[in-house]
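> Got a structure here, written out as structure tokens. Questions coming.
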Amino acid sequence: VEPEDKKMVPKIEYLFIAGDLCDGVGVYPDQEKDLLIDSVHEQYSLLAHYLTKLPARVKIITIPGNHDACRQALPKPPIPEDFADALYKLGNRILMLGDPSYVLVEGVTVLLTHGDSLDDLVTQLPGASYKSPAIPMIELLRKRHLAPLYGGKTELAPLSRDWLVIDRIPDIVHFGHAHHNAVDNYRGVQIINSGTFQAQTDFMRKQGVVPTPGIVTIVNLKTGAPVVRMFYDFSEINGP
């Protein structure tokens, strides 16, 4: 561990998870072959066990992803307590929010969304891919909407209000879904895709998803400056 990292650790006070808190069950064909735990209840219980090892000062803020036991149509409500009871038992240490959600942290406005609509944009937007998630993420900011395409892969709930409109300009927008870490900036808005801690599965390979496991983005909320730390050499997993 580098000396500067040792100094940074005591200053970390928030953990943001932009969906896919668990692997889920039956999310894609033959997923059971990739699972060590074939129960979503047990998957959430194991996650809760790991999260209890964090210092008590760290506030955990989460939203659901497409792998979670939650409605798939956007906007998504928080993961139901019936499935993730172990996480809810963490009490005030964790915030279980829906997708999308705005959070005001230390005066900084963070927009959290899993990024389901990236599935449509990587096929419709020139230059966009799961390897370059910042390109479609920036396009969503330009459109001021988190799912601007209708009739594609992204499921949308028929509600009286469109909760996917970006009507407040965030300081940080945090995506997931692409399994590929990305850090960029668009007109002063810090863009982050948090990537994954999971190596490439056969299904990812078929979908053209090349994950970058073990990469974490840390943001200084005072300055807005991001730093990236690697916890694994993903070239050993995915090859050169």
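> Given charges of +1 on the Cβ of Lys and Arg and -1 on the Cβ of Asp and Glu, with all other atoms neutral, how large is the dipole of the chain about its Cα centre, in debye to the nearest 20? Mind dumping the intermediate values first?
Working: 23 positive and 29 negative charges, 175 e Å.
Around 840 debye, computed over the chain.
> May I ask for the Kirkwood hydrodynamic radius of the chain, worked out over all distinct Cα pairs and given in angstroms to one decimal?
Details: mean 1/r = 0.0540 Å⁻¹.
Averaging 1/r across every pair of different Cα atoms and inverting gives 18.5 Å.
> Using a simple charge model, +1 on the beta-carbon of Lys and Arg, -1 on the beta-carbon of Asp and Glu, nothing else, what dipole does region 35-89 show about its Cα centre, in debye to the nearest 20? All intermediate terms of the calculation are to be shown ahead of the outcome.
Values: 6 positive and 6 negative charges, 78 e Å.
For this selection, approximately 380 debye.
> While we're looking at this one, here's another question. What part of the accessible area of the chain, given as a whole %, is carbon or sulfur when the probe is 1.4 angstrom? Numbers along the way, then the final one.
On the way: 7030 of 13010 Å².
The value for the chain is 54 percent carbon and sulfur by accessible area.
> Projecting each Cα onto the charge dipole of the chain (Lys/Arg +1, Asp/Glu -1 at the beta carbon, about the Cα centre), which of 208, 173, 50 comes out farthest on the positive side?
My answer, from the dipole projection, is 173.
> Can I ask one more? Binned at 5 Å from 0, what are the whole-percent values of the Cα-Cα distance distribution for region 162-208, short to long?
Over region 162-208, the share of Cα pairs per 5 Å bin runs 5, 17, 20, 20, 15, 11, 9, 2 percent.
> While we're looking at this one, here's another question. Going Cα to Cα from residue 206, which lysines come in below 17 Å? Please leave out same-chain ones fewer than 8 positions away.
The qualifying lysines are 33, 131, 153.
> Rounded to the nearest 20 Debye, what is the dipole magnitude of region 17-142 about its Cα centre when Lys and Arg each give +1 and Asp and Glu each give -1 at the C-beta? Before the final figure, lay out the partial values.
On the way: 10 positive and 17 negative charges, 131 e Å.
Here the size comes out at about 620 debye.
> Just the number please: accessible area per residue for region 14-131, 1.4 Å probe, all protein chains included, in Å². Write out the running numbers ahead of the final one.
Working: 5480 Å² over 118 residues.
Per-residue accessible area for region 14-131 comes out at 46 Å².
> Under 19 Å Cα-Cα from residue 11, which lysines qualify once same-chain neighbours fewer than 8 residues away are excluded?
Leaving aside lysines fewer than 8 places away in the same chain, those within reach of residue 11 are 53, 59, 222.
The values are calculated or read from the model by the stated rules, or taken from the named source; none is laboratory data. Quick caveat: nothing in here was measured; it's all calculated off a predicted structure. No Cβ is skipped: glycine too gets one built from the backbone with ideal geometry, and neighbour counts run over all protein chains shown. Heavy atoms of the whole protein, side chains included, go into the accessibility calculation; ligands, DNA and RNA do not. Shrake-Rupley method; radii C 1.70, N 1.55, O 1.52, S 1.80 Å.
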